[in-house]
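Read through the structure below, which is laid out as structure tokens, and then see the notes.
The values are calculated or read from the model by the stated rules, or taken from the named source; none is laboratory data. Only a predicted model underlies this, so the values are computations on that prediction, with no experimental measurement involved. Heads up, the Cβs are rebuilt from the backbone with ideal geometry, glycines too, and the neighbour counts pull from every protein chain shown. Heads up: the accessible areas ignore ligands, DNA and RNA and are worked out on the full protein's heavy atoms, side chains in. Shrake-Rupley method; radii C 1.70, N 1.55, O 1.52, S 1.80 Å.
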Amino acid sequence: MTKALPGSAVARPYVFAESGDGERERLELLARLLDPMHRRALSLAGMRAGLRCLELGSGTGTVATWMAGQVGAGGSVLATDINLSFLQDLRHPRLAVRELDVLTDGIPPRAFDVITCRALLHHLPAWESVVERLAAGLRPDGALVLIEPDAGAAVFGEPEHQRFWSAWCDWGRTQGIDFRLGRELPGAVRRAGLDPQGVTMEVPFYGGGSPWHELYRSTVTAARPRPAAWTGRDPSAEFERLGGRDGGVMCSFGWLAVCGRSPRDTPAEPSR
């Protein structure tokens, strides 16, 4: 599936499957590992009763469902995705589900108290213009909570691992994917007119057979890159070879969360 971008640019197709049991399992594992960080970021942003919230790229809906439990009877949550295969069975009185392509569909201005997305922007060549549109969708004093990977945050690991993930990032760029995008978020949020707050990064270390190892293994496999010139081997097989060495601890992606706060309305001065 290829979507038109603003300015007549063309996005590359999404490299992962949009449905199927394998992709559901991968997204469920991603949720298991990143939901705690996402919930902390939303809590720091002021998640509470009465808020109107929007999530983009909701995946299996775990974060949207959690938010629906936080906003109370006076609040609401809209969960959106380009494909609703994994959201159709969600049921919550304060949760609505809608198909939405953030590249082509409109975001109502000044409509939401909280807007959030995770692991979405690094797939979008026009991601910074998306941040601007999301910022415009915030009510006064609203919060935009973004979480994205930064593979350049690897601070520990054998040279072979570092070479593998560096080559992975180089391959991503050929597909229009920026696995080092995380570090760009605070500046992009500021340029969108928001005040960056609560910037945090988590860098998971993992060993062979761990949940993080399984997530990255399934991600490399699902992306289906061709045999890599930097190793001469199939990327999936090379990842397994590196992951099974000596029971060592490895580091790959850092995950950066940023909250951007919209300005509060300034009361109009009384006329004289």
Descending packing, highest mean Cβ count within 10 Å first, for 233-241, 164-172 is 164-172, 233-241
Per residue, how large is the accessible surface of region 65-136? Use a 1.4 angstrom probe and give square angstrom. 43
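Can you divide the C-alpha Rg of region 116-194 by 2.2 N^0.38 Å and report the result to two decimal places?
Numbers: Rg = 14.5 Å, N = 79, 2.2 N^0.38 = 11.6 Å.
Rounded to two decimals, the normalised Rg is 1.25.
First compute the accessible area of region 65-152 with a 1.4 Å probe, then give the percent of it belonging to carbon and sulfur atoms. Let's see the in-between values first.
Numbers: 1560 of 3370 Å².
Exposed carbon and sulfur together represent 46 percent of the surface.
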So who's got an amide H within less than 5 Å of the one on Ser210, skipping anything under 5 residues away but keeping other chains? H placed 1.01 Å off N, in plane. none
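Please give the length that would be gained between Thr174 and Val249 if that part of the chain were fully extended, namely 0.36 nm times their separation in residues minus their C-alpha to C-alpha distance (nm, one decimal). The partial results should precede the final answer.
Details: separation 75, 0.36 × 75 = 27.00 nm, distance 2.90 nm.
Gain on stretching Thr174 to Val249: 24.1 nm.
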Karplus-derived 3J(HN,Hα), 6.51/-1.76/1.60, for each residue of region 70-76, Hz, glycine and proline x: 9, 7, x, 5, x, x, 7
